Ligand code: ADP
Ligand code: MG
């Protein structure tokens with residue numbers, strides 16, 4: 001049999017790989033001990049010293065000796081408690097492992113004891129043990145990590161790399177425990193000094209002040225999971241996957257599957273190859289988590305992974321869909337959008353627009369409702385350049401929201417209670433109201449929309465004004481419309497009186513011939529003819545006003561632009577490129593009806609705030625912004 005010390009050393013390797021693992025284990029213990037302040041002091045990236053000091057409940061005289069025994073945990077009585085909401089430790093291996101590979105001094109005192117206990121242990125052997133004066137709580141000081149395992153010690157990376165790991169572990173624990181104060185010092189320098197604060201403040205405190213304006217709150221309650229936290233606005237996405245934090249019951253986890261759900265929610269909002277910031281906190285009943293996993297690993301299995309996936313994706317998407325409203329409209333008031341207008345003869349009753357804070361752009365009801373709205377505009381008047389902005393058919397959306405709705409329905413039919421259902425209905429009803437009112441325009445408000453340099457549509461809102469990029473807005477509208485057309489196979493064609501023959505170069509022809517089925521599904525009527533020619537008998541109604549040749553040329557431009565990044569275009573790319581190609585251009589004069597319908601339709605979109613390529617469609621100028629410019 002192996003001597004104990006050796007067995008401990010080997011086992012320690014599993015739990016303690018580097019200084020960062022020591023910090024993680026000691027910080028977790030401090031949190032479990034109910035500390036409110038946790039101090040971490042590190043020298044030489046943890047090689048020579050790691051100190052973790054807490055003001056938690058401390059240990060009794062007996063526990064101060066017992067805690068070094070393997071499996072001496074005081075925290076778990078059955079496997080079900082794994083991932084329970086409150087404790088992090090459960091195996092009673094950390095202290096035994098640390099003591100096997102370092103020189104450890106511990107001081108601990110419970111609040112109601114006068115004297116504390118000091119224990120020195122080295123290579124699993126107790127060297128010293130006596131009463132001592134110390135403050136309430138526990139402090140560990142770990143010296144010369146891996147002093148007796150040279151192979152491990154040599155395996156450590158540069159200080160910079162080891163510090164990176166330490167900071168990572170520190171953040172993974174500090175972020176979900178915003179109510180506790182944390183400090184981290186390295187070689188006498190303060191790296192973090194986080195006071196007890198709100199979750200948002202903690203994120204800002206951890207990542208820097210500039211993150212404050214980047215955060216979009218996410219909040220969702222369902223029967224099986226509640227989701228809280230923040231995602232980063234798409235425009236701040238990074239080229240690398242670093243800042244993505246997912247927590248389950250306050251425990252940091254890695255899940256490729258759930259990460260995918262979040263990425264999906266950001267779909268077509270992000271430039272290719274960029275990764276959104278997120279810190280999301282999931283709370284799940286522990287019994288819905290598979291406990292058959294390796295506890296020190298950060299992977300996790302859920303019993304109902306697909307439902308969690310759908311919920312996560314839906315609620316992130318919904319938050320993204322509405323975040324841009326937040327800064328420009330008052331959340332605490334019902335009626336916030338206000339298109340004042342001047343009328344000589346009438347007492348002006350500003351058409352107030354109620355924007356409900358529960359505004360839900362994914363709700364299908366609202367868009368249906370709007371289609372029967374009496375204030376529908378015909379925008380048959382054509383503009384002086386090419387494309388017309390015609391209202392695309394109102395859509396009944398099959399958004400993620402429906403998916404979520406369906407899940408809750410399903411849970412309900414399984415006999416579970418689902419109060420969220422009511423919320424959905426209420427949100428839907430409130431939305432109908434707000435949507436009906438939102439951007440409702442009558443004669444009195446004709447002047448409320450105007451075109452700036454034939455590029456932007458400007459309109460007043462309560463808190464200032466918004467400027468809409470007409471081209472990008474139209475791209476968004478057409479893109480979502482074309483996606484719908486593809487899903488429902490009902491593209492409408494505007495037949496030409498005389499078929500047009502379009503000649504393409506060989507490479508363009510090769511590119512387009514693979515896309516002809518999709519194009520025809522979108523409303524084209526195209527046939528290949530001869531080597532490099534196409535016969536075009538009709539184009540999608542939405543793209544009226546452009547010649548087939550011009551339209552296809554623009555379409556190809558866009559395909560090539562995107563193909564550089566994503567390879568062979570799929571159906572959705574075809575829809576995107578067609579939207580880019582057939583959208584209204586800068587320089588196009590828009591009649592007020594056209595502008596109205598543009599605004600109207602933009603806000604009916606699933607993702608109104610971004611073009612299909614992820615660029616902003618709307619910019620808000622608040623009165624404060626203007627005041628500032630005027631140095632008021
Ligand atoms: P685990 O955390 O899995 O229970 P550990 O080896 O990390 O196992 O700790 C062993 C035991 O030591 C804990 O169950 C706890 O009773 C005690 N302990 C460790 N750290 C602290 C601390 N900072 N404050 C109070 N008790 C502690
Ligand atoms: Mg522990």
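Among the residues making up the stretch 210-225, those that are crowded, with 16+ Cβ neighbours inside 10 Å and either within 23 Å of residue 322 (Cα to Cα) or out of contact with any helix residue (DSSP H, G or I) (no Cβ under 8 Å at 6 or more places or on another chain) (or both) are 211, 214, 215, 216, 218, 220, 222, 225.
Residue-level check: of (1) over 25 Å from residue 191 (Cα atoms); (2) away from ligand 1 (no atom under 12 Å from the Cβ), residue 144 misses just (1).
Among the listed residues 5, 30, 35, 11, which satisfies the condition of being assigned to a helix (DSSP H, G or I), under 28 Å from residue 181 (Cβ atoms) and either within 11 Å of ligand 1 (Cβ to nearest atom) or at pLDDT below 95 (or both)? Lay out the reasoning, then the answer.
Details: 5 fails: under 28 Å from residue 181 (Cβ atoms); 35 fails: assigned to a helix (DSSP H, G or I); 11 fails: under 28 Å from residue 181 (Cβ atoms).
Being assigned to a helix (DSSP H, G or I), under 28 Å from residue 181 (Cβ atoms) and either within 11 Å of ligand 1 (Cβ to nearest atom) or at pLDDT below 95 (or both) holds for just one of 5, 30, 35, 11, which is 30.
Check whether at least one residue in the stretch 585-606 is free of Cβ contacts under 8 Å to residues at least 12 places away in the same chain and either at positive phi or part of a helix (DSSP H, G or I) (or both), and report yes or no. Break it down into steps so the answer makes sense when it comes.
Going residue by residue through the stretch 585-606, those that are free of Cβ contacts under 8 Å to residues at least 12 places away in the same chain are none.
Within the stretch 585-606, none of the residues are free of Cβ contacts under 8 Å to residues at least 12 places away in the same chain and either at positive phi or part of a helix (DSSP H, G or I) (or both).
How about the stretch 38-63: which of its residues are within 11 Å of ligand 1 (Cβ to nearest atom) and in contact (Cβ under 8 Å) with a residue 60 or more places away in the chain?
The first filter runs over the stretch 38-63 and keeps only residues within 11 Å of ligand 1 (Cβ to nearest atom), leaving 38, 52-60, 62-63.
Once the filter is applied, which keeps residues that are within 11 Å of ligand 1 (Cβ to nearest atom) and in contact (Cβ under 8 Å) with a residue 60 or more places away in the chain, the stretch 38-63 yields 38, 52, 53, 54, 55, 56, 57, 58, 59.
Looking at residue 104, is it more than 15 Å from residue 33 (Cβ to Cβ), touching a strand residue (DSSP E or B) at 6+ places or on another chain (Cβ under 8 Å), within 16 Å of ligand 2 (Cβ to nearest atom) and part of a strand (DSSP E or B)? Yes; evaluated as a whole, the condition is true for this residue. Checking each residue of the stretch 105-117 against the condition of being more than 19 Å from residue 27 (Cα to Cα) and touching a helix residue (DSSP H, G or I) at 6+ places or on another chain (Cβ under 8 Å) gives at least one match. Scanning the stretch 64-113 for residues being within 8 Å of ligand 1 (Cβ to nearest atom), surrounded by fewer than 21 Cβ atoms within 10 Å (Cβ to Cβ) and at pLDDT 95 or above gives a total of 0.
Could you tell me whether residue 52 is away from ligand 2 (no atom under 16 Å from the Cβ), within 22 Å of residue 196 (Cα to Cα), modelled with pLDDT of 95 or more and in contact with a helix residue (DSSP H, G or I) (Cβ under 7 Å, 6 or more places away or on another chain)? Can you show your working first?
Values: away from ligand 2 (no atom under 16 Å from the Cβ): no; within 22 Å of residue 196 (Cα to Cα): yes; modelled with pLDDT of 95 or more: yes; in contact with a helix residue (DSSP H, G or I) (Cβ under 7 Å, 6 or more places away or on another chain): yes.
No, not satisfied.
Any idea how many residues of the stretch 603-624 are exposed (fewer than 14 other Cβ atoms within 10 Å of the Cβ) and either under 27 Å from residue 270 (Cα atoms) or at pLDDT below 85 (or both)?
So the answer is 0.
Per the conditions (1) in contact with a helix residue (DSSP H, G or I) (Cβ under 7 Å, 6 or more places away or on another chain); (2) without any contact (Cβ under 8 Å) to a residue 60 or more places away in the chain; (3) away from ligand 1 (no atom under 13 Å from the Cβ), the sole criterion not satisfied by residue 122 is (1). All of (1) modelled with pLDDT of 60 or more; (2) out of contact with any helix residue (DSSP H, G or I) (no Cβ under 9 Å at 6 or more places or on another chain); (3) not in a loop (DSSP other than H, G, I, E, B) hold for residue 326 with one exception: (1).
Being within 12 Å of ligand 1 (Cβ to nearest atom) and surrounded by fewer than 24 Cβ atoms within 10 Å (Cβ to Cβ) is the filter; apply it to the stretch 14-23 and report the residue that is modelled with the highest pLDDT. Show your work before the answer.
Step one: filter the stretch 14-23 for residues within 12 Å of ligand 1 (Cβ to nearest atom), giving 15-16, 21-22.
Subsequent filtering for residues that are surrounded by fewer than 24 Cβ atoms within 10 Å (Cβ to Cβ) retains 15, 21.
On the way: 15: 82, 21: 95.
Checked the stretch 14-23; the qualifying residue modelled with the highest pLDDT is 21.
Among the residues of the stretch 34-49, those identified as within 16 Å of ligand 2 (Cβ to nearest atom) and in contact with a strand residue (DSSP E or B) (Cβ under 6 Å, 6 or more places away or on another chain) are 35, 38, 40.
Could you list all residues from the stretch 188-209 that are assigned to a loop (DSSP other than H, G, I, E, B) and either touching a helix residue (DSSP H, G or I) at 6+ places or on another chain (Cβ under 7 Å) or free of Cβ contacts under 8 Å to residues at least 60 places away in the same chain (or both)?
Applying the first criterion (assigned to a loop (DSSP other than H, G, I, E, B)) to the stretch 188-209 yields 188, 195-198, 208.
Result: 188, 195, 197, 198, 208.
A quick yes/no check of all residues on (1) surrounded by 15 or more Cβ atoms within 10 Å (Cβ to Cβ); (2) in contact with a strand residue (DSSP E or B) (Cβ under 9 Å, 6 or more places away or on another chain); (3) part of a helix (DSSP H, G or I):
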residue: 466; (1), (2), (3): yes, yes, no
residue: 471; (1), (2), (3): yes, no, yes
residue: 480; (1), (2), (3): yes, no, yes
residue: 520; (1), (2), (3): yes, yes, yes
residue: 527; (1), (2), (3): no, yes, no
residue: 538; (1), (2), (3): yes, yes, no
residue: 549; (1), (2), (3): yes, yes, yes
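The values are calculated or read from the model by the stated rules, or taken from the named source; none is laboratory data. Bear in mind that the values here come from a model prediction, so they are computed numbers and not experimental data. Cβ: placed from backbone, ideal geometry, glycine included. Neighbour counts: every protein chain shown.
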